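The values are calculated or read from the model by the stated rules, or taken from the named source; none is laboratory data. Computed from a prediction, not measured in an experiment: that's the story for all the values here. Note that each Cβ is placed from the backbone with ideal geometry, even for glycine, and that neighbours are counted across all protein chains shown. All accessible areas refer to the heavy atoms of the entire protein, side chains included, with ligands and DNA or RNA removed. Shrake-Rupley method; radii C 1.70, N 1.55, O 1.52, S 1.80 Å.
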Amino acid sequence: MDYNYPDEMKTRLRRIEGQVRGVLRMMEEGQPCKEVVAQLSAVRNASDKAIAQIVAENLRILAEQAEGNQNTEKMVKEAIALLVKSH
């Protein structure tokens, strides 16, 4: 399967990248633990949403290709395993 990641997904990951840089800056500035952890939690939530979006798109593509394809069940199981592994 050929994967095509939309610009929206890439933009979401660039935002996460910026959040991580912000957390590093907070650490370098000696910000309180509570604030650093809050920002890291936001990074984790954003990352979880990105993972879910990528897996959902993959499942959508698989559903379109499902008719008559014997490997579909295996591919769906792999996609679900990826989603479960991310948590």
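Quote the charge dipole size of the chain about the Cα centre in Debye, to the nearest 20; the model charges only the Cβ of Lys and Arg (+1) and of Asp and Glu (-1). Numbers along the way, then the final one.
Numbers: 13 positive and 13 negative charges, 65 e Å.
Approximately 320 debye in magnitude.
Give me the number: length gained by fully extending E57 to Q31, i.e. 0.36 nm times residue separation minus the C-alpha to C-alpha distance, one decimal in nm.
Values: separation 26, 0.36 × 26 = 9.36 nm, distance 3.77 nm.
The span from E57 to Q31 would gain 5.6 nm if fully extended.
Any idea of the accessible area per residue across the chain, 1.4 Å probe, to the nearest Å²? Intermediate results must be reported in sequence, preceding the final value.
Working: 6750 Å² over 87 residues.
Here the per-residue accessible area is 78 Å².
Could you work out how far apart the two model spin labels at M9 and L40 are, taking each label as a point 7 Å from the Cα in the direction of the beta carbon, and quote it in nm?
The answer from the label model is 2.8 nm.
Can you give the extra length, in nm with one decimal, that the chain gains between Q65 and K85 once fully stretched, where that is 0.36 nm per residue apart less the Cα-Cα distance?
4.8 nm
Which value at 222 nm does the chain reach when only helices count, each DSSP H run of 4 or more adding -39,500 (n - 2.57), with the total divided by all residues and rounded to the nearest 500 deg cm²/dmol? Spell out each step's value before the answer.
Working: 3 runs with 69 residues, N = 87.
Mean residue ellipticity, 222 nm, calculated: -28000 deg cm²/dmol.
Checking a compactness column here: for the chain, what do you get for Rg(Cα) / (2.2 N^0.38 Å), N being the number of residues?
Here the answer is 1.43, to two decimals.
So how much slack lies between K49 and K74, counting 0.36 nm per residue of separation and subtracting their Cα-Cα distance, in nm? Mind dumping the intermediate values first?
Values: separation 25, 0.36 × 25 = 9.00 nm, distance 2.37 nm.
Extra length from K49 to K74 when fully extended: 6.6 nm.
At a probe radius of 1.4 Å, what is the per-residue accessible area of M26, in Å² to the nearest 10?
Answer for M26: close to 30 Å² accessible.
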